Each structure stands twice: as structure tokens, then as C-alpha cells.
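Here is the structure we will look at.
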Amino acid sequence: MPSILRRHPIIKDNNSRIYISPLPDLIFWRMTVGLYYDIATGPQNLINEANKRFEDYAILLIKSFYSKFKVLSSEIYGTKKKNYETPDILLKNNKEIFCIIECKATKLTFDSQFKDNPLESAAKSYSQIIKGVMQVWKFFSHSRRGIYNKNPVQSNAYGIVLTLDSWMQMSGDLQRRVMNIAKENLKTDTDIIDTDMRPIIFCSMQDLSDIMFTSSEDKFLETLENASMEKFLGWNLKEIREKSGSERQKREYPLDISELLPWWKTLDNKI
């Protein structure tokens, strides 16, 4: 059963009037990623803002870790009569786009994560992931056909669906099912061919940041190349990075935490 401490990590003892935190790490979980559950049932404008901040954070973190790459955010392309929007993040290296990232700020409930058929029990959440796969493949198709021509896209560019939680990274079977549904949904679009439907890397924001903490740009590219292979389906990026056998770098967190979490400086001053 899910622990009540995840939602209420601080307990007050009314008799002694003291506060107890059996698992202190859960306080930080509650004040950061745990906030999702407070806004998930809120108005759509709040959810939209949270989604945008997730994209902005991913862009900011990649830029800060990897100055060698050029990070492009979503933009409109096409014609006046018919235009499209690129996926959320495009990464360039040596003037070519080598990675396309679609962000999906969704989380599963505790129950949904452990259902026998999660695709059915959490259909709404998984539909967003399936949509993300389709968006990446459509962009590959548009690039191949010249509909998107602002920047050259590598023929072997990687596609990533980036999530808040690592709730499907460890299941190769679930990833195959998601991609098969996406292919089925695109059957009527004859302009999207097998070449466009490249392997998709599913990873969480935590997984992505973990490998950036320990990898140079070259090692990052090597990890993505391995992650796109069939034999690594169902592995997380951190495990794939460690399989390379090369020495891991130790990099500092490149951002000012107090700029991301406004209460951080206040808390620091009180301490």
C-alpha cells in the first residue's frame, strides 16, 4: 500500500507538541515532485502552466550541462495554409538536429503502476505517451519530406519521450505495446513510413539528469545510441551509461536552486 508519509511526511505529536519526520527525504519529495498530485486535479490552465515549466526546466538543464549543444524550443513551421509545431525540444550538434524530445508531464497513481493491465487502467496517462511517440514520428516524416526544413535533421536522429516519472522505462513489453498502438493510430497517414517510425527512448527527467551528471557530450551521445538498440529496450539510461564501462565524471548541479524553488533561500536563512 502507498505510504501516508508520502503525502504527509511530517507528523505532529499532540502530547509532546513536537514534530517528527521518520523519513526526512520525503519532505523534499513532497515539496518538489510530489506537488504534481496537488495540481493534477486542478483547472486546465494550472496544468498547462506546470507542463510548460517542465519543458522550460528540461531546456534549461540541458543547456547548462552541455554548452556544446544548441537547444531549440518548440516553434511553428509549414505554410500559411497549413502549419505545424515541432516537438518540445530539438538538440543540435555540428549544425544538425540529432535528438528530438517530446515532454509529457504525466504521472501514474500508485494503483495504476501495479495493475495487471496498466494501459487500460490508466488509459488517459498512456494516451499522452502514445501521442508523444506519434508527434516525434510525424516530425521525422515532415523532415524527410522537406515540410520542416529550417534545420537539417540527421537520418539517425534519436527520438525521446520525456516524462516526470519512470513508470514505463523498465518494461520493454509495455514500451513495445505503446509503440504498436502509435503505429496502429498512424495507419491512415500514408505519408508516414517505416523509416520515420524509429525506435523511441522513454526516460524520466530524473533518468536524463542522472546521466548528464556523469557524462560528457560524447558519452551522452554514446548512451543515446545504445538506448535506441533493441537489446537495451526496458533499460533505464543510467544503467545503459554504466554498461559503457568508461569512467564516470562528477559534475556539479549547474543551476541555482533558489531560482527554481523560491522558498529555498528563505529556508536556508532560517536554518
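The values are calculated or read from the model by the stated rules, or taken from the named source; none is laboratory data. As the structure is a prediction and not an experimental result, all values here were calculated from the model. Glycine gets a Cβ as well: all are built from the backbone with ideal geometry, and neighbour counts include every protein chain shown.
Residues of segment 177-210 that are over 19 Å from Val33 (Cα atoms) and assigned to a helix (DSSP H, G or I): Arg177, Val178, Met179, Asn180, Ile181, Ala182, Lys183, Glu184, Asn185, Asp194, Thr195, Asp196. Given the structure, is Tyr57 of a type outside the set (A, V, I, L, M) and within 12 Å of the chain's Cα centre (by Cα)? Yes; evaluated as a whole, the condition is true for this residue. If you check Leu267 against the conditions, is it of a type outside the set (Val, Ile, Thr), surrounded by fewer than 17 Cβ atoms within 10 Å (Cβ to Cβ) and assigned to a loop (DSSP other than H, G, I, E, B)? Considered against the rule, which asks whether it is of a type outside the set (Val, Ile, Thr), surrounded by fewer than 17 Cβ atoms within 10 Å (Cβ to Cβ) and assigned to a loop (DSSP other than H, G, I, E, B), Leu267 comes out as no. For segment 30-70, the tally of residues that are assigned to a helix (DSSP H, G or I), touching a strand residue (DSSP E or B) at 6+ places or on another chain (Cβ under 8 Å), in contact (Cβ under 8 Å) with a residue 40 or more places away in the chain and not β-branched (Val, Ile, Thr) stands at 4.
As for segment 74-97, it holds at least one residue that is loosely packed, with under 13 Cβ neighbours inside 10 Å, over 19 Å from Cys203 (Cα atoms), of a type in the set (Gly, Ala, Ser) and in contact with a strand residue (DSSP E or B) (Cβ under 8 Å, 6 or more places away or on another chain).
Would you mind stating whether Asp218 is closer than 18 Å to Phe140 by Cα, more than 18 Å from the chain's Cα centre (by Cα) and charged (D, E, K, R)? No, not satisfied.
Counting only residues that are surrounded by 14 or more Cβ atoms within 10 Å (Cβ to Cβ) and basic (Lys, Arg), segment 167-198 holds 3 of them.
Is one or more of the residues making up segment 199-209 surrounded by 14 or more Cβ atoms within 10 Å (Cβ to Cβ), without any contact (Cβ under 8 Å) to a residue 40 or more places away in the chain and more than 30 Å from Lys82 (Cβ to Cβ)? Looking for residues that are surrounded by 14 or more Cβ atoms within 10 Å (Cβ to Cβ), without any contact (Cβ under 8 Å) to a residue 40 or more places away in the chain and more than 30 Å from Lys82 (Cβ to Cβ), one finds none in segment 199-209, hence no. Does Ile27 meet the test of being of a type in the set (A, V, I, L, M), outside any loop (DSSP other than H, G, I, E, B) and at pLDDT 85 or above? Answer is yes for this residue.
Within segment 249-269, residues that are of a type in the set (Gly, Ala, Ser) have Cβ atoms under 9 Å from residues that are surrounded by 10 or more Cβ atoms within 10 Å (Cβ to Cβ) in these pairs: Ser258/Trp264; Ser258/Lys265; Ser258/Thr266; Ser258/Asp268, counting only partners at least 6 apart in sequence or on another chain. When Gln249 is tested against (1) within 27 Å of Tyr36 (Cβ to Cβ); (2) in contact with a helix residue (DSSP H, G or I) (Cβ under 7 Å, 6 or more places away or on another chain); (3) surrounded by fewer than 13 Cβ atoms within 10 Å (Cβ to Cβ), exactly one condition is not met: (1).
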